[in-house]
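Notes follow once the structure below has been shown.
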Amino acid sequence: MQPDPNDVAIARRVRQVLAEAGVSAAEVARRNDWTQAYMARRMSGAVPFSAADLILIAIMLDVAPTRLLPTGPTLTTDAVNR
């Protein structure tokens, strides 16, 4: 089964914001007491980030949680139309 395009878009945005902040995914995992595997699955888009995950990352980075969400045409509504 292919990852949901929306989950992939969110993961891409999280990777971008982490890179801008100079913070690695391993550091996010360590500081939130997550395994590296837990973080890797979310960073690839294979497993969606939960709202709680995104809020914890935003707090860690001192950014608004909405900063971790993509904007524009990267999100699809296919799931809503099913």
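The values are calculated or read from the model by the stated rules, or taken from the named source; none is laboratory data. Since the model is a prediction, treat every value here as computed from it, not as a measurement. Positions of Cβ are generated from backbone atoms using ideal geometry, with glycine treated the same way; all protein chains shown enter the neighbour counts.
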Limited to the range 1-20, what total is found for residues that are surrounded by fewer than 16 Cβ atoms within 10 Å (Cβ to Cβ) and of a type in the set (A, V, I, L, M)?
-> 2
Show the residue pairs that are 6+ apart or on different chains and have beta-carbon atoms under 9 Å apart, the first residue being within the range 39-61 and farther than 13 Å from VAL28 by Cβ, the second being small (Gly, Ala, Ser) and modelled with pLDDT of 95 or more.
-> SER44/ALA11; GLY45/ALA11; ALA46/ALA11; ALA46/ALA40; PRO48/ALA11
Please specify each residue of the range 35-66 satisfying the condition of being of a type outside the set (A, V, I, L, M) and surrounded by fewer than 16 Cβ atoms within 10 Å (Cβ to Cβ).
-> THR35, GLN36, TYR38, SER44, SER50, ASP62, PRO65, THR66
Give the residues of the range 4-37 that are under 19 Å from PRO65 (Cβ atoms) and free of Cβ contacts under 8 Å to residues at least 12 places away in the same chain, sorted by residue number.
-> GLN16, ALA19, GLU20, GLU27, ALA29, TRP34
